[in-house]
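The values are calculated or read from the model by the stated rules, or taken from the named source; none is laboratory data. In this text, all values refer to a predicted model and were calculated from it rather than measured experimentally. Reconstructed Cβ throughout: ideal geometry from the backbone, glycine too, with neighbour counts over all protein chains shown.
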């Protein structure tokens with residue numbers, strides 16, 4: 001006869017088995033960001049030297065538009081993942097932690113989407 | 001002579017700041033601790049950088065006037081200070097991120113390599129930051 005409760009049995013099952021995929025996706029994003037961020041720094045210097053019309057023309061180049069959208073999308077994904085780990089490490093209250101994790105996802109999702117939509121609108125000639 | 005631990009007080013303890021007096025670390029301060037802390041600090045700073053990039057895109061789509069105000073804000077002394085901080089953070093986080101990726105591949109995890117790569121990351125951060133600002137000065141955009 002077993003005295004184990006169903007909950008204790010479930011607890012003994014270990015992880016959700018999703019950790020490896022999550023871990024790999026974070027590394028793939030980090031590797032992609034190495035060349036993208038170096039390109040972004042170069043672009044910052046370039047854009048600091050031009051006015052509004054220069055910036056619009058720069059975004060109009062399909063290579064620039066594609067690379068900046070990739071940098072923003074992968075960058076915000078990476079930001080969300082990094083700050084998620086910091087929240088998980090330092091915030092102990094259950095509800096506070098859940099709220100902080102959600103705020104992190106919402107901020108990254110909103111700012112990233114807003115940036116990408118704005119760039120697409122300029123690149124496609126809407127502004 | 002080896003020290004034989006006699007009780008809980010003699011055991012090595014995790015570093016924490018308050019027990020044993022204010023800021024009395026139980027472990028020796030180590031450069032690898034500093035690189036780890038700085039990775040999080042610069043990562044946090046780059047969260048702000050991401051939001052600045054998003055604000056830049058929104059300013060651009062809002063037209064010449066909004067874009068002009070945004071760019072003059074970035075070009076102000078405070079804006080330049082922020083951009084300098086962001087450039088340091090970018091290069092530190094990039095260099096130390098590559099160090100983490102090398103660790104993830106299973107290399108350089110011994111103490112000697114980890115210490116050496118810590119100083120390599122500091123060197124890269126300083127060199128890359130100076131190089132970028134020198135290029136920006138020479139291009140006449142600062």
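Of all residues in the range A:42-54, which are at the interface with chain B (Cβ under 8 Å from one of its Cβ atoms), more than 24 Å from the chain's Cα centre (by Cα) and closer than 15 Å to residue B:74 by Cα?
Those that are at the interface with chain B (Cβ under 8 Å from one of its Cβ atoms), more than 24 Å from the chain's Cα centre (by Cα) and closer than 15 Å to residue B:74 by Cα: A:48, A:49, A:51, A:52.
Among the residues that make up the range A:81-97, is at least one of them within 30 Å of residue B:64 (Cα to Cα) and buried (at least 19 other Cβ atoms within 10 Å of the Cβ)? Spell out the reasoning first.
Quick first cut of the range A:81-97, residues within 30 Å of residue B:64 (Cα to Cα) only: none.
No - not one qualifying residue is present in the range A:81-97.
Looking at residue A:106, is it within 21 Å of residue B:44 (Cβ to Cβ), more than 10 Å from chain B (Cβ to nearest Cβ), in a helix (DSSP H, G or I) and touching a residue at least 12 places away in the same chain (Cβ under 8 Å)? I'd like the intermediate steps shown before the answer.
Numbers: within 21 Å of residue B:44 (Cβ to Cβ): yes; more than 10 Å from chain B (Cβ to nearest Cβ): yes; in a helix (DSSP H, G or I): yes; touching a residue at least 12 places away in the same chain (Cβ under 8 Å): no.
Answer is no for this residue.
Out of the residues in the range B:26-50 that are out of contact with any helix residue (DSSP H, G or I) (no Cβ under 9 Å at 6 or more places or on another chain) and outside any helix (DSSP H, G or I), which is nearest to residue A:69 (Cα to Cα)? Write out each step before concluding.
Step one: list which residues in the range B:26-50 are out of contact with any helix residue (DSSP H, G or I) (no Cβ under 9 Å at 6 or more places or on another chain), which gives B:26, B:28-29, B:33, B:37.
Filter again for outside any helix (DSSP H, G or I), leaving B:26, B:28-29.
Details: B:26: 47, B:28: 44, B:29: 41 Å.
The residue in question is B:29.
For residue A:123, state whether it is more than 9 Å from every other protein chain (Cβ to nearest Cβ) and buried (at least 19 other Cβ atoms within 10 Å of the Cβ). Show your work before the answer.
Details: more than 9 Å from every other protein chain (Cβ to nearest Cβ): yes; buried (at least 19 other Cβ atoms within 10 Å of the Cβ): yes.
Yes.
Can you tell me how many residues within the range B:75-93 are touching a helix residue (DSSP H, G or I) at 6+ places or on another chain (Cβ under 9 Å) and closer than 17 Å to residue B:47 by Cα?
Residues of the range B:75-93 that are touching a helix residue (DSSP H, G or I) at 6+ places or on another chain (Cβ under 9 Å), as a first pass: B:75, B:79-80, B:82-93.
From the residues that got through so far, the ones that are closer than 17 Å to residue B:47 by Cα too are B:79, B:82-93.
Residues flagged as touching a helix residue (DSSP H, G or I) at 6+ places or on another chain (Cβ under 9 Å) and closer than 17 Å to residue B:47 by Cα within the range B:75-93 amount to 13.
Among the helices (runs of 4 or more DSSP H) confined wholly to the range B:51-142, which include 3 or more residues that are at pLDDT 95 or above, within 12 Å of another protein chain (Cβ to nearest Cβ) and over 21 Å from residue A:52 (Cα atoms)? Show your work before the answer.
Values: elements: B:64-75, B:77-104, B:111-138.
Where helices (runs of 4 or more DSSP H) fall fully within the range B:51-142 and carry at least 3 residues being at pLDDT 95 or above, within 12 Å of another protein chain (Cβ to nearest Cβ) and over 21 Å from residue A:52 (Cα atoms), they are B:77-104, B:111-138.
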